[in-house]
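Here the structure comes first, spelled out in structure tokens, and everything after it is commentary.
Since every read-out is calculated from the coordinates, none of them should be taken as a lab result. As the structure is a computational prediction, the values presented were derived from the model and not from experiment. Because the Cβ atoms are built from the backbone with ideal geometry, glycine has one as well, and the counts that use them run over all protein chains shown.
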Amino acid sequence: MGKHGKHRALVGALAAGLVLAGPAAADCRLALVLAVDISSSVDAEEDRLQRQGLARALTSERVRRAALALPGQHVALAVFEWSGRWQQETLLEWTPLRSAADIDAAAAAIAGSTRSYADFPTAAGYALGYASEMLGRAPDCLFRTIDISGDGVSNEGFPPSFAYSNFPLGDVTVNGLAITGHDETVVRFYRTQIVRGPGAFLEIADDFPDFERAMTRKLEREMGARVVGSSGDGPRVQ
């Protein structure tokens, strides 16, 4: 079976209700999976701005402090790129961020990656399905968060609502980073169809050069220590 065939089978199994068990990791406070848009609306320079921007955001002092705020309670990070129905590729497998060196290594892997596809549409529902599969093999962490960024609305395959109804995402927080400039409806799409779950929020980048700033702000908020049971624990949408 080829790569795409295996992925189709996996998506089908997950949609039928299969939940993959991850290894025990009681010291993990957050499993965070980042999804980076590589659809056809993203040109080569914009793709570079995303990869380099994400790498620089990870190594910023603000994000380092947030990620390492609780010694002994680390963040686990995974990253993939997405576009069409079957065009998802993992850039960084689950990596524990226990030290500045761990963060530097993860950022270097992202900065050194190259896009796998360039000519496919935007299948946000399938991106959520792929993120769900990644969370299925994540360490056992206190919180689970999906972080999806993109510059357009879903235009292929099943919608995000189908993914939320058919994948094991009930206790997962899904945050969004909408990149404006290509599609005037992208902010509304992310706000109404992507953002979901406890404490969820939307970050907005004014354009691709603004991606690093927006991602830094987003990662700092996502990785920061949470107070369980506080009045601010409910959904938050910018």
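The residues packed around S132, meaning those with a beta-carbon under 13 Å from its beta-carbon, carry a net charge of +1 if Lys and Arg are +1 and Asp and Glu are -1. Counting only DSSP beta bridges with both residues in the range 27-94, the antiparallel share comes to about 30 percent.
Calculated FRET efficiency, A101 to V187, Cβ-Cβ distance, R0 = 35 Å: about 0.45 to the nearest 0.05. The simple spin-label model puts a point 7 Å past each Cα toward its Cβ; for A225 and S165 those points are separated by 4.2 nm. As an exercise, find the ratio Rg/Rh for the range 86-231 from alpha-carbon atoms, using the Kirkwood inverse-distance average for Rh. That ratio is 0.94, to two decimals. Under the rule a/c < 1.5 gives rounded, and otherwise a/b versus b/c splits prolate from oblate, where does the range 157-207 land using the Cα gyration tensor? It comes out oblate by the Cα gyration axes.
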